[in-house]
Amino acid sequence: MAAIVLDGKEIAREIEEELKGRIGDLSKDGVTPCLAVVIVGNDPASHVYVGAKERACARLGIRSLRVDIAPDAEYGEVVSTVRRLNEDPGVNGVLVQSPLPSGMDEISITDLIDPIKDVDGFHAQNLGRLVQGDVSGLLPCTPAGVMRMLERAELDLRGKRAVVIGRSRIVGMPQSLLLAQRGVDATVTIAHSRTADMADLCRDADLIVAAVGSPNMITAEWVKPGATVIDVGVNRVADNSEKGYYLTGDVHPDVLDVAGALSPVPGGVGPMTIAMLMSNTVRATEMQH
Ligand code: GUN
């Protein structure tokens, strides 16, 4: 039997509807949330993501401010841009799009962002709160979006085995913490490029979250029948189309025939990430007023 498809677009629409009410309440107090996005260089995928963030802001009536910095800019220019945005009372959320050009330290730039404006949730203070079990603050958008998807599907993860493939600070690590938190109570294994028995681990899992960046890596043979599979991968594969590539996830399409529930690419985790960024921007604005 084919898996239930977890429709991220639809859930993101519901989140946006809920946010519109809160944005309306802020506007009654004369406040319009404002998200500033700093983009350094010409990474094509980053420009696509930032465009999607700007369109979401426009749909919701959130002001968006974009700061483009040349790929060969000095590190100091990025630092002074972040400091200026921190000090600007009209800016409620600040994010620096990843990846930065090679040689620029992403973690030290992230830690310069005022934690109350850190809508990516990557600042050491916000990630630290998550480690302490406090999930009431600004949480990383992709993992928080995955949690909303799982909640919406009413999947009970208590005592279940979850495998998170990938250990990045953007997805894998915070995802593992969110799945293991009290109240969710999954038993989490973090798998990565040095994991020896990946296929066996996955076959035992009730939930697989794939965030590797390797097209179609998780095949049907790796998936226990009925398991939930969340595909965080967004991979560009070259083809002869006008664009020159197509998008595919980390999960092979055949998994649809084995899994109980599957998030598609595109239309799964991607829209959820944007919705959670909008949610963090509104939350940051509410915390600041
Ligand atoms: N690059 C890929 N995903 C993200 C994200 O969630 N935030 C930022 N800042 N950069 C990214």
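A short reminder: the numbers here are calculations on the coordinates, not readings from a lab. Note that the coordinates shown come from a computational prediction; the quantities given were computed from them, not determined experimentally. Using ideal geometry, Cβ is built from the backbone for each residue, glycine included, and neighbour counts are taken over all protein chains shown.
Quick notes on this one:
- Residues being out of contact with any helix residue (DSSP H, G or I) (no Cβ under 9 Å at 6 or more places or on another chain), away from the ligand (no atom under 13 Å from the Cβ) and aliphatic (A, V, I, L, M) are represented in region 172-182 by at least one member.
- Matching residues in region 229-250 - criterion: being of a type outside the set (S, T, N, Q), over 17 Å from the mean Cα position of the chain (by Cα) and more than 16 Å from the ligand (Cβ to nearest atom): Val237, Ala238, Asp239, Glu242, Lys243, Gly244, Tyr245, Tyr246
- Residues in region 36-53 that are touching a residue at least 40 places away in the same chain (Cβ under 8 Å), outside any loop (DSSP other than H, G, I, E, B) and touching a strand residue (DSSP E or B) at 6+ places or on another chain (Cβ under 8 Å): Ala36, Val37, Val38, Ile39, Val40, Ala45, Ser46, Val50, Lys53.
- Qualifying residues in region 234-250 (those that are crowded, with 18+ Cβ neighbours inside 10 Å and touching a helix residue (DSSP H, G or I) at 6+ places or on another chain (Cβ under 9 Å)) - the one nearest to Leu157 (Cα to Cα): Gly249
- Taken together, the residues in region 185-229 that are touching a residue at least 60 places away in the same chain (Cβ under 8 Å) and either closer than 11 Å to Val255 by Cα or acidic (Asp, Glu) (or both) amount to 2.
- Residue check, Arg55 farther than 18 Å from Thr285 by Cβ and out of contact with any Phe, Trp or Tyr (no Cβ under 8 Å at 6 or more places or on another chain): yes
- Elements of the type strands (runs of 3 or more DSSP E) sitting completely within region 54-167 and holding at least 3 residues that are more than 20 Å from the chain's Cα centre (by Cα) and either at negative phi or within 16 Å of the ligand (Cβ to nearest atom) (or both): these cover 63-69.
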